[in-house]
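Accompanying notes for the structure given below.
Please treat every number below as a calculation from the coordinates, not as lab data. Predicted model, so just to flag it, every value in this text is computed and none were measured. As a convention, Cβ positions derive from the backbone with ideal geometry for all residues, glycine included, and neighbour counts pool all protein chains shown.
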Amino acid sequence: MTERAKGSRAEIIKWGEKLFERHLVSGWGGNVSCRLGRSRYLITGKGAALGFLKTRDIVEIDARGKAVLHGRHPSSEAPLHLAVYAATDARAVVHVHPPEIIAYCRGRDEFVPLSFEEEYSLGRVPVIPHDGPTVTDPAPVAEELRRHPVVILPGHGTVARGRDLQEAFLITDLLAEAVHCRLVVPDETKSPT
């Protein structure tokens, strides 16, 4: 294992803990990855709990999503992460299940932040139709992430890309804060149900 791979594993562990501490993910949900080189990636393994990651929970995969070491199993969302890397210049991807975002964005086509700073940083965040516990068609997600730093999957969570794991974390965290603000000040343009 190269020193660079060790450092990336440490980064994934660090940001996984922060995602868990910020209540952006719970239980065994979510997955995190980073680019190691042109055709190698690190991704959290199948069933790995982001708040309690160990080095063994992080799997190195190739551009086809196959584990480099036999017997290792990457997250079922590896195809989603790889599609984002193929479509963008991302060096890191964070996919989590923030409860307030999931609850608030149900039935919406996009999310518009209240504050100017949040809208400047995030823009209008697209909500991409999705069914099921795993993204089976990552193409629409990857396509939207060409133009946006983060997208929302209704009933599922968010996918953020970044130059590094810190940026992908901060984008995710900022979106969670923006949605929290919307819950405090309801959207006047949407009629109550």
Report summary line: Taking only the alpha-carbon atoms of the chain, the convex hull volume per residue, in cubic angstrom, is 109
Query - Net +/- balance of residues flanking residue 80 in space, Cβ distance below 13 Å, scoring K and R +1, D and E -1 - result: -3
Report summary line: From fewest to most C-beta neighbours within 10 Å, the residues 8, 76, 33 line up as 76, 8, 33
Query raised in the report: Gain in length, residue 184 to residue 23, computed as 0.36 nm per residue apart minus the alpha-carbon separation, to one decimal in nm?
Result: 56.2 nm
Query raised in the report: Given the chain, what count of lysine pairs have C-alpha atoms under 14 Å apart, with each pair 8 or more places apart or on different chains?
Result: 5
**Report entry** Crossing angle, helix 3-21 versus the chain [Cα axis fit, 0-90 degrees, rounded to tens]
**Finding:** 30
Query - Selected from 104, 85, 41 as most flexible by GNM, with the chain as the system and alpha-carbon contacts under 10 Å - result: 104
Requested in this report: Using a Gaussian network model of the chain whose springs link C-alpha atoms within less than 10 Å, name the residue from 47, 29, 37 with the highest mean-square fluctuation.
Outcome: 37
Query raised in the report: In segment 53-96, which residues have a backbone nitrogen under 15 Å from the label point lying 7 Å from residue 136's Cα in the Cα-to-Cβ direction?
Result: 77, 80
Query raised in the report: Using the alpha-carbon atoms, what tilt in degrees (0 to 90, nearest 10) does helix 165-184 show relative to the longest principal axis of the chain?
Result: 20
Requested in this report: May I ask what percent, to the nearest 5, of DSSP beta bridges between residues of segment 3-184 are antiparallel?
Outcome: 95
Requested in this report: Show me 58-64, 109-115 ranked by packing, highest mean number of other Cβ atoms within 10 Å first.
Outcome: 58-64, 109-115
Report summary line: Neighbour-count ranking for 179, 68 (other C-beta within 10 angstrom, fewest to most) reads 68, 179
